[in-house]
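Presented below is the structure to which this report refers.
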Amino acid sequence: MSKTVFITGASSGIGEYLAYAYAKRGYSIGLFARRTDVLEEVKTKCESLGGSAIIFSGDVTDEAKVVTSINNFVENFGHIDILYANAGIGAADPIWKGETKDVHRVLNININGVVNTVFAATPHMVKQKSGKIAVISSVAGFRGLPRHGAYSGSKAAVRTMADGWRYDLTPNNIQITTIHPGFIKTPMVDNNGFMPFLMDVDIAAEKIINAMESGKKSYIFPWQWRLVIPFFKIVPDALINAVYKR
Ligand SMILES: NC(=O)c1ccc[n+]([C@@H]2O[C@H](COP(=O)([O-])OP(=O)(O)OC[C@H]3O[C@@H](n4cnc5c(N)ncnc54)[C@H](OP(=O)(O)O)[C@@H]3O)[C@@H](O)[C@H]2O)c1
């Protein structure tokens, strides 16, 4: 029986490269995202790398769709070994205009999308008495950032939720790991300016998988961020502003 992994946000960036990395390891992969045409290409590449894949096209904010997709995945492969609640978006908060649309979209996808994904998988994992869950947060979750308060807040929220869920999941032999990437070269950050310690996405995927395999509760990377985060939390606002204006 092959090992299985279900990945949300598998059509691009970190999710896509996690899929390729697991395909090379011979996994059966559930690919979930909204763009079916792009998922078709990812599926073909996964198969050429030695994995097998099923596409689930949907929106993580559609709870019923997420539940049906994960149920179908488990029906197909018999079990779910690993889950990545990875789908997410970044958008600026136009707070000075009083427009809330983008803020609600960020919060809904990045928080409720993660809740829908994790809660759809946990009943299967509890039944199996095994499983590993990764929740993709960000180093941005350690401090509210200029123009990105909602994004930072969403990433802090998923970290805190995962910390709480861990108490309930551990007795069921289910691992939950919060991943805090720094800047990873994906379409999400294509238009960003200053990106210290930028990492290629294929390398990032391997690092995330290593963190999952070694059972970490929390994983901050690239490594430089592990040194920066304690200062990042306390540096004066003026410095944060200056960096963001670059
Ligand atoms: N790149 C970075 O520097 C960085 C740093 C820290 C954290 N992260 C986090 O890492 C995760 C992946 O980001 P990425 O950089 O790989 O971004 P990306 O290349 O833009 O990929 C985002 C993925 O999420 C999917 N997605 C977005 N909204 C969705 C929705 N409503 N329902 C289902 N799928 C949805 C997209 O697919 P569709 O458009 O096809 O639905 C796409 O597959 C995000 O949670 C992000 O916040 C990224």
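The values are calculated or read from the model by the stated rules, or taken from the named source; none is laboratory data. All values derive from a computational prediction rather than experimental measurement. All Cβ positions, even for glycine, are placed from backbone atoms using ideal geometry, and neighbour counts span all protein chains on display. SASA here: full protein model, heavy atoms, side chains in, ligands and nucleic acids out. Shrake-Rupley method; radii C 1.70, N 1.55, O 1.52, S 1.80 Å.
Among the numbered criteria (1) free of Cβ contacts under 8 Å to residues at least 40 places away in the same chain; (2) under 21 Å from VAL66 (Cα atoms); (3) of a type in the set (A, V, I, L, M), which one does MET195 miss?
Against the list (1) free of Cβ contacts under 8 Å to residues at least 40 places away in the same chain; (2) under 21 Å from VAL66 (Cα atoms); (3) of a type in the set (A, V, I, L, M), MET195 comes up short only on (2).
Picking from GLY113, GLY131, which residue would you name as being more than 21 Å from ALA23 (Cα to Cα), surrounded by 15 or more Cβ atoms within 10 Å (Cβ to Cβ), of a type in the set (Gly, Ala, Ser) and modelled with pLDDT of 95 or more?
It is GLY113.
May I ask you to verify whether GLU41 is over 19 Å from the mean Cα position of the chain (by Cα) and at pLDDT 95 or above?
In short, yes.
Only one of (1) at pLDDT below 95; (2) over 17 Å from GLY88 (Cα atoms) fails for ARG166. Which number is that?
(1)
Residues in region 41-55: is at least one among the charged types (D, E, K, R) and near the ligand (Cβ under 9 Å from one of its atoms)?
No: region 41-55 contains no residue that is among the charged types (D, E, K, R) and near the ligand (Cβ under 9 Å from one of its atoms).
Given the structure, is PRO146 more than 8 Å from the ligand (Cβ to nearest atom) and out of contact with any strand residue (DSSP E or B) (no Cβ under 7 Å at 6 or more places or on another chain)?
When the stated conditions are applied, PRO146 passes them.
Select, from GLU41, GLU47, GLU63, the only residue that is more than 22 Å from LEU107 (Cβ to Cβ) and in contact (Cβ under 8 Å) with a residue 24 or more places away in the chain.
After ruling out the rest, the residue left standing is GLU47.
Just to be sure I understand, how many residues within region 197-246 are assigned to a loop (DSSP other than H, G, I, E, B) and open to solvent by 30 Å² or more (accessible area, probe 1.4 Å)? Let's see the steps before the verdict.
Our first condition is that a residue be assigned to a loop (DSSP other than H, G, I, E, B); within region 197-246, this holds for 197-198, 214-217, 222-223, 233-236, 245-246.
Among the residues that remain, those that are also open to solvent by 30 Å² or more (accessible area, probe 1.4 Å) are: 197-198, 214-217, 223, 233-236, 245-246.
The number of residues fulfilling the criteria is 13.
Here are some residues: ALA21, ALA10. Which one is in contact (Cβ under 8 Å) with a residue 40 or more places away in the chain, near the ligand (Cβ under 9 Å from one of its atoms) and out of contact with any Ser or Thr (no Cβ under 6 Å at 6 or more places or on another chain)? Working first, answer last.
On the way: ALA21 fails: near the ligand (Cβ under 9 Å from one of its atoms).
Of ALA21, ALA10, the one residue that is in contact (Cβ under 8 Å) with a residue 40 or more places away in the chain, near the ligand (Cβ under 9 Å from one of its atoms) and out of contact with any Ser or Thr (no Cβ under 6 Å at 6 or more places or on another chain) is ALA10.
Name the residues in region 11-23 that are over 16 Å from LYS207 (Cβ atoms) and either in contact with a Phe, Trp or Tyr (Cβ under 6 Å, 6 or more places away or on another chain) or surrounded by fewer than 24 Cβ atoms within 10 Å (Cβ to Cβ) (or both), would you?
SER12, ALA23
Would you pick out the residues in region 176-191 that are without any contact (Cβ under 8 Å) to a residue 40 or more places away in the chain and either on the phi > 0 side of the Ramachandran plot or open to solvent by 70 Å² or more (accessible area, probe 1.4 Å) (or both)?
Result: LYS185, ASP190, ASN191.
Taking ASN172 and the conditions (1) open to solvent by less than 10 Å² (accessible area, probe 1.4 Å); (2) more than 14 Å from the ligand (Cβ to nearest atom), which numbered condition does it fall short on, given that it satisfies the others?
Unmet condition: (1).
Taking the residues in region 29-40 that are touching a strand residue (DSSP E or B) at 6+ places or on another chain (Cβ under 8 Å) and of a type in the set (A, V, I, L, M) as candidates, determine which candidate is nearest to the ligand (Cβ to nearest atom).
Per the criteria, the residue is ALA33.
Of everything in region 98-143 that's within 20 Å of ALA205 (Cα to Cα) and more than 15 Å from the ligand (Cβ to nearest atom), which residue is farthest from the chain's Cα centre (by Cα)?
GLY131
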